[in-house]
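Novice: For reference, the structure I am asking about is given below.
Derivation of every value follows stated rules applied to the coordinates shown; laboratory data play no part. Source: prediction; values computed, not measured. Ideal geometry is used to build each Cβ from the backbone, glycine not excepted, and the neighbour counts take in all protein chains shown.
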Amino acid sequence: MANHKSALKRIRSNESKRLRNKYQHKTTRNAVRDLRTSEDKKEAEGKLNAVISMLDKLAKKNIIHKNKAANLKSKLTKHVAAL
């Protein structure tokens, strides 16, 4: 157990940040999954911009690696173009 006031605060803030990161990551993964399963090109193009934005935000906050975000964006763009 932490002995300092600042360490206790750090534990609390780390937990809240962990939960926020987990929520954002899971939401993005669900959006990617929905985009991959979509069949309609118009709908997929609309979703693509939102998903790319989500991936960029995750990469910017170091929740996922920037190269992983780039790879996902590339694959999703190819998928939408092929519809």
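Novice: If a/c stays under 1.5 just call it rounded; otherwise compare a/b with b/c (prolate if a/b is bigger, oblate if not). Do that for segment 41-83, with a ≥ b ≥ c from the square roots of the Cα gyration tensor eigenvalues.
Specialist: Oblate, because a/c is 1.5 or more while a/b does not exceed b/c.
Novice: The list (1) 41; (2) 28; (3) 16 gives values of percent of Cα pairs over 21 Å apart, and only one came from this structure; which label was calculated from it?
Specialist: (1)
Novice: Based on the Cβ-Cβ distance from Leu8 to Lys57, what FRET efficiency comes out when R0 is 22 Å, to the nearest 0.05?
Specialist: Computed FRET efficiency for Leu8 and Lys57 comes out at 0.15.
Novice: Sort the following peptides by mean Cβ neighbour count (other Cβ atoms within 10 Å, averaged over residues), highest first: 32-42, 56-66, 7-17.
Specialist: Highest-to-lowest ranking by the protection proxy: 56-66, 32-42, 7-17.
Novice: Quick check: Cα centre of segment 34-55 to Cα centre of segment 4-18, how many Å?
Specialist: Their Cα centres are 36 Å away from one another.
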